[in-house]
Amino acid sequence: MFVKALDAAEIAPGGMKAVTINGREIVICNHAGTFYAVERACGHAKARLERGALTGWILTCPLHYAQFDIRSGEALSGPAPKAPAGAHPDPRDPALKTVGLKTWPARLEGGAVFVDVQ
């Protein structure tokens, strides 16, 4: 069932806003007037994704720079590695893993964004 999340005018193109719908924390993303709904917390360290950057369909986490496709929730890259000076991080390090984001269908109707949170 689609539930009103917010008025579309609340998010400029390229912007994001966090909302809570039926107890679920969601980020609504506006890519060129098309709206997408993804879970709010990064799958790596639970960072609040609305504080990140949205470039096209790519949402970058503000904490460790993991990247996600807002259309599918797919994790495109894991967190940026850190290593001691002069050392190379091991890309197999479990601390560098993340999981994709849950997504929900979103639609624009009558100037409002609705999300199907079932």
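The values are calculated or read from the model by the stated rules, or taken from the named source; none is laboratory data. This one's a predicted model, so the numbers in the text were calculated from it and none came from an experiment. As a convention, Cβ positions derive from the backbone with ideal geometry for all residues, glycine included, and neighbour counts pool all protein chains shown.
Details
- Within the range 98-118, the set of residues being polar (S, T, N, Q) and closer than 20 Å to Gly23 by Cα comprises Thr103, Gln118.
- Conditions (1) of a type in the set (A, V, I, L, M, F, W, C); (2) at positive phi; (3) within 10 Å of the chain's Cα centre (by Cα); number of the one not met by Ala32: (3)
- The set of residues from the range 55-74 being over 10 Å from the mean Cα position of the chain (by Cα) and in a strand (DSSP E or B) comprises just one member, Thr55.
- The residues of the range 1-52 that are more than 19 Å from Thr98 (Cβ to Cβ) and assigned to a loop (DSSP other than H, G, I, E, B), listed by number, are Met1, Ile11, Ala12, Pro13, Gly14, Gly15, Asn22, Gly23, Ala32, Gly33.
- One residue from Leu59, Leu108, Leu63 being within 19 Å of Glu39 (Cβ to Cβ) and at pLDDT 95 or above: Leu59
- Odd one out for Gln118 among (1) within 24 Å of Lys4 (Cα to Cα); (2) modelled with pLDDT under 95; (3) of a type outside the set (Phe, Trp, Tyr); (4) surrounded by 15 or more Cβ atoms within 10 Å (Cβ to Cβ): (4)
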